[in-house]
Amino acid sequence: MGKQYAVEMEEITKTFGGVHALKEVSFQIEKGTIHALVGENGAGKSTLMKILSGAYTKDSGKIIIEGKEISGGSTLGMKKAGVGIIYQEFALAPDLSVAENIFINRMNLGKGFISWKELNQRAGEIIDKIGFQIEPRQKVEELSVAYQQIVEIAKALGEDARVLVLDEPTAVLSPYETEKLFQVLRHLREQGTSIVYISHRLDEVFQLSDEITVLRDGEVVSHNRTEETSMDKIVSDMLGRSVQSLYPEKTAAGNETVLEVKDLNLGNMVRSVSFALHKGEIFGIAGLVGSGKTETARAIFGADKGARGEIVLKGRKIRPASPYEGVKNGITYLSESRKEDGVLLDMKIRENVTMASMKKVSKCMVFHIKKEKKYVEEMIRRLSIKSNGSETLTGDLSGGNQQKVSLAKWLSVDSDVLILDEPTRGVDIGAKMEIYGIIHELARQGKSIIIASSEMEEICGLCHRVLVMHKGLAKGILEQEELTKHNIIHCSVNNSSEQSLKAGGI
Amino acid sequence: MEKKGKHKITVSEFFEKWNTVIVFCVIVIIASLLTTNFMQVQNLTNLLKQNAGIGIIAMGMLLVILTGGIDLSVGSIVGVGNVIFAFMMQTHSLGYSIGVTLLVGAACGAISGYFVAYRNLQPFVVTLSVMTVARGYAYIICKGASISIKHPDFLAFGYGTFLGIPKQTYLMILIFLLIWFVLRYTTYGRIVTAIGSNEEAVRLSGIRSRIYKFSVYVVSGLFAATAAILNSSRTGVGSPLTGDGFELDAIAITVIGGVSLNGGKGTAGRVLIGVFVIGMIGNIMNLTKVSAYTQQVVKGLIILCAVFMQTLQKKSRA
């Protein structure tokens, strides 16, 4: 007997208004394996998975699940066939309990009334099966993101999913939580569940998957067993060209101190953090989700009220109490969540780019629209933002290009310090490299840059020095030659708090 | 998927862009077919005059709704402004009375603006309270009765025309042009629109968004007070009943004008057309002697249709 497939998608084609989103894509998932699906934004990953989930109807091709051909095109039908999808944005009701969420569409368990005891018990069984401990009676909103994801998985399994699709499941997880999730997924694989794993993070893909399929421009470019391929090969498959390194070569930072942070405090999340930033330096703040790196970054900018401590910018003491003052002081901050508070999706690229620097293109509050257009077109060229020009709606751009618009906004402000919070979150690999290039170039021109990121590879690849944070504490500063993923984790977990205070000092 | 390529305007896009204008034209045609006197100068002058006030209010409402808010107090500000103006006119000069009335309108708006922008209260609730309080004051000031205004020059302004067009209409056009310019060419307009699109993003761009949010309510209150004065020049009395239901008319106008109640989307030009669409619907029904009660029903249904059409367009775009 040959290989047993859980899902066979054969020559799937899908067009949107004449544009091919998928061209005769064939994609098979072997039973009881983890199959990674990678590709740049717009490569067709989501479209393919939406067809598998029944959210989209295919134009042509065949879908065979466990040997039976399914017509598709209905989410309910695909659910019944055993396909469960977990999107980046969870579909949970936060006010309801874990058990209620797992059985959301059949809370009565086939009876005329709800038996809470049985409901909670059955939910507990499913969660146990995954190998986790969550109280079924707990409200979902009280759970951390990682746990909510487990509830999503439990919900899919509760609906008897034998094929599980996860779309960027680790985007919001800390490394520890990611490791836990991987355990769960491996556990499920052993039990015979087939898993499609979509991610931009290739290191995770290599850690976890059995097979990797690369999509580019709606076509399958390669399909390999994971152990038979390499990261470089996958990256060049995704991009359609070979690359040397993701990160530009580091140049030396200056010695002149630009920003000094002494004993910064903000609630529980920032506890006596101190460091100094030099001219032309790329300074990293590493830490897990909830380590206080975002809060530290925001406190320096003035995004949140209530920060205590001393911030000295170019020898001048400042007290940023609002973003307005932050920008006036010469500090800019690219926020962590692009869609929530980074760019204005309903507005044009032009309007976004000059949002923080209107004075440059206006006189007495009246815009000089021609001048503005010219300036923005120039920024679009400089950052190679892929668009139909300055009048394109920002919401129509891909994540990476939106992020570049956000960067362009801050580059338009003459600032001494540029703080970038998760600058490449949800950005595909091509745009990522371009953003790294821009950051590098800015530093070379003498701007001082702070990067707060939970992607350690990125931190190691870009930064001159790195402050490691854990639970609001500065655990130490690593110099360039000490920068490895291992050292960062080691530093964040092992240093005792006394040591860390010393190490965090200047 | 990102769709790129040449931009050919599709039928639905065309409708989306021009739907307010299309509705406007359809109504003009219906009006001239249904009635013999719609196109008469007398009727058109009346139409312009009657809608000058509500047109000005709608421009203020546009600013508020652009920020994602709503101002329910405008009708009551018209009422209280109307009474205060008539009251002041009994003993004071015209200029002084106008000044005080405008100040009261702006103050009402400032109260709403303060609680919305600096205390983070819901605009709906805040302006509902101001609406109730202002209406109450209107009754208190004139003890429930109306006050007549005896100022020949002022009343002449109310009836006067210049080049055949009511003088009031010039004021409305002036305010429309101002708002049109502000929204299209100034940083203020850009920021107001951006706040409705995503306030936190605006704040994090280093803009003091609260001041802008506060200011739109002040402008709205000021415009409502302006409408109050225009109204008394037309009727010659100050009555606490004036402006009843204006807030809903103004909201309806903005909706017909394609303004998104979620904020961030809307233009002054389309709102101006919305003013005349709503105005004409009332006018046609008056001319065809539809009863006032039926008029309410028809107006409501038309607004519902307009909103429904907007959602259809949104879907076809997605």
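The values are calculated or read from the model by the stated rules, or taken from the named source; none is laboratory data. Since this is a predicted model, take the numbers as computed values, not measurements. Here the Cβ is made from the backbone with ideal geometry for all residues, glycine too, and neighbour counts use every protein chain on show.
Structural remarks
- Elements of type helices (runs of 4 or more DSSP H) in the stretch B:106-203, at least 2 residues being more than 14 Å from chain A (Cβ to nearest Cβ) and either touching a residue at least 24 places away in the same chain (Cβ under 8 Å) or surrounded by fewer than 18 Cβ atoms within 10 Å (Cβ to Cβ) (or both): B:123-142, B:152-159, B:167-185
Residue-by-condition table, conditions (1) surrounded by fewer than 14 Cβ atoms within 10 Å (Cβ to Cβ); (2) touching a Ser or Thr at 6+ places or on another chain (Cβ under 8 Å):
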{"residue": "A:Lys45", "(1), (2)": "no, no"}
{"residue": "A:Leu52", "(1), (2)": "no, no"}
{"residue": "A:Ser60", "(1), (2)": "yes, yes"}
{"residue": "A:Ser71", "(1), (2)": "yes, no"}
{"residue": "A:Gly82", "(1), (2)": "no, no"}
{"residue": "A:Ser97", "(1), (2)": "no, no"}
{"residue": "A:Gly110", "(1), (2)": "yes, no"}
{"residue": "A:Arg137", "(1), (2)": "no, yes"}
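- Test: residue in the stretch B:265-288 that is modelled with pLDDT of 90 or more, part of a loop (DSSP other than H, G, I, E, B) and of a type in the set (Val, Ile, Thr): yes
- Of all residues in the stretch A:351-363, those satisfying the criterion of being more than 9 Å from chain B (Cβ to nearest Cβ) and surrounded by fewer than 17 Cβ atoms within 10 Å (Cβ to Cβ) are A:Lys360, A:Lys363.
- When residues of the stretch A:1-30 are limited to those that are aromatic (Phe, Trp, Tyr) and under 19 Å from A:Arg225 (Cβ atoms), the one farthest from the other protein chains (Cβ to nearest Cβ): A:Tyr5
- Of the candidates A:Glu159, A:Glu125, A:Glu190, A:Glu118, the single residue that is surrounded by fewer than 20 Cβ atoms within 10 Å (Cβ to Cβ) and in contact with a Leu (Cβ under 7 Å, 6 or more places away or on another chain) is A:Glu118.
- The one condition from (1) within 27 Å of A:Ile34 (Cα to Cα); (2) part of a strand (DSSP E or B); (3) of a type in the set (Ser, Thr, Tyr) that A:Ser236 does not meet is (2).
- All positions within the stretch B:50-76 that are under 27 Å from B:Glu200 (Cα atoms) and not aliphatic (A, V, I, L, M): B:Gly60, B:Thr67, B:Gly68, B:Gly69, B:Asp71, B:Ser73
- Of the residues making up the stretch A:306-347, those that are away from every other protein chain (no Cβ under 12 Å) and either surrounded by fewer than 19 Cβ atoms within 10 Å (Cβ to Cβ) or of a type in the set (Asp, Glu) (or both) are A:Gly306, A:Arg308, A:Gly309, A:Glu310, A:Val312, A:Lys314, A:Gly315, A:Arg316, A:Lys317, A:Arg319.
- Within the stretch A:126-164, being at positive phi and either touching a Pro at 6+ places or on another chain (Cβ under 6 Å) or among the acidic types (Asp, Glu) (or both) holds for one residue alone: A:Asp160.
- Residue that is more than 10 Å from every other protein chain (Cβ to nearest Cβ), touching a residue at least 40 places away in the same chain (Cβ under 8 Å) and either closer than 30 Å to A:Lys373 by Cβ or outside any helix (DSSP H, G or I) (or both), where the choices are B:Ser220, B:Ser232, B:Ser215: B:Ser215
- Selected residue (criterion: modelled with the highest pLDDT) from residues of the stretch B:239-260 that are among the acidic types (Asp, Glu) and farther than 20 Å from B:Thr20 by Cα: B:Glu247
- The residues listed here are A:Leu164, A:Leu181; of these, the one that is under 21 Å from the mean Cα position of the chain (by Cα) and more than 29 Å from A:Ile489 (Cα to Cα) is A:Leu164.
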